[in-house]
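For reference, the structure is listed below as structure tokens.
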Amino acid sequence: METIIRLRRPIRLAVFDMAGTTIEDTGVVPVAFDAALSAHGMSATAAELDAVRGAAKREAIRHLVRAKRGDHDMERQCESVYQRFRAELDRRFRDGGVRPVEGTADMFDWLRRRGIAIALNTGFDRDTQALVLAAVGWQQGVADALVCGDDVPLGRPAPYMIFRAMERTGTVSVEEVLNVGDTVLDLQAGHNAGCALNLGVWSGAHRREQLALQAHSRLLPSVAGIPALLEALPGALG
């Protein structure tokens, strides 16, 4: 559901999801979910895993465990599955193959030259986010703010990670914020935050057809198309 773009202020902050949006989605996350659940005698269908893409990982595991086991001993089960998920994910990331989506570095440079702050947000915990950033060499000089699932009381589709990115960059109005993600939940979070621009990219977890059903400003093949889009939108650049 494409919404009408009415920009009242120039964009001052661009908030990006990581896996599937700025980092290539190689299928590691659902594989790690599946391995963690299997180690605890559970399984999830591809559709069930797809439905939690973009969610905070603790919340995703809570949802999956409740569907399989109910509320009995929920906290202990969820923590055990989560720790196994982290271990599986860390091992796969350390094995290599983590790389940025093509064109991301040039797009970041383009934004920075125009005074637009960059925030990276993710449903990963802080340690896993740090591991991914180290794997692609983004520890310093890339993002003005880093936000992860540990930083907020509720993950996507709640807008809190976007608000935390605004807080950390001194951005005072959602009318100055661009949100970008590759999942349904990313777009729902951007819509719930009231972002001036809410962009979906089909370079990651969800197909264009899935993203098109959500409220969005535009859909793009990847983040590489953002400079051309902003240049074409009156009022987007200060």
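The values are calculated or read from the model by the stated rules, or taken from the named source; none is laboratory data. Note that this is a predicted model, so its numbers are computed, not measured. Every residue, glycine as well, gets a Cβ built from its backbone with ideal geometry; the counts of neighbours run over all protein chains shown. Accessible surface is based on the protein model in full, side chains and every heavy atom, while ligands, DNA and RNA are left aside. Shrake-Rupley method; radii C 1.70, N 1.55, O 1.52, S 1.80 Å.
Quick rundown of the values:
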item: Förster radius 25 Å - calculated FRET efficiency between ARG94 and ARG126 (Cβ-Cβ, nearest 0.05); result: 0.90
item: FRET E, pair GLN83, GLU167, Förster distance 30 Å, beta-carbon r, rounded to 0.05; result: 0.50
item: Equivalent ellipsoid semi-axes, region 1-151, via Cα gyration tensor eigenvalues times 5, rooted, Å; result: 32, 18, 13
item: Accessible area per residue, Å², region 1-135 with all protein chains present, probe 1.4 Å; result: 47
item: Gain on full stretching of the segment that runs from GLN210 to ARG76 - 0.36 nm per residue minus C-alpha separation; result: 44.9 nm
item: Ellipsoid equivalent to region 127-238 - semi-axes via the Cα gyration tensor, in Å; result: 21, 17, 16
item: Relative contact order of region 63-150, defined on C-alpha pairs under 8 angstrom at six or more residues apart (%); result: 29
item: Accessible-area composition of the chain, carbon plus sulfur, in percent [1.4 Å probe]; result: 49
item: Shape call, region 8-48: gyration tensor on alpha carbons, a/c limit 1.5; result: prolate
item: Value of relative contact order over the chain, rounded to a whole percent, pairs C-alpha under 8 Å and six or more apart; result: 31
item: Whole-angstrom gap from region 77-143 to region 216-238, using each part's C-alpha centre; result: 23
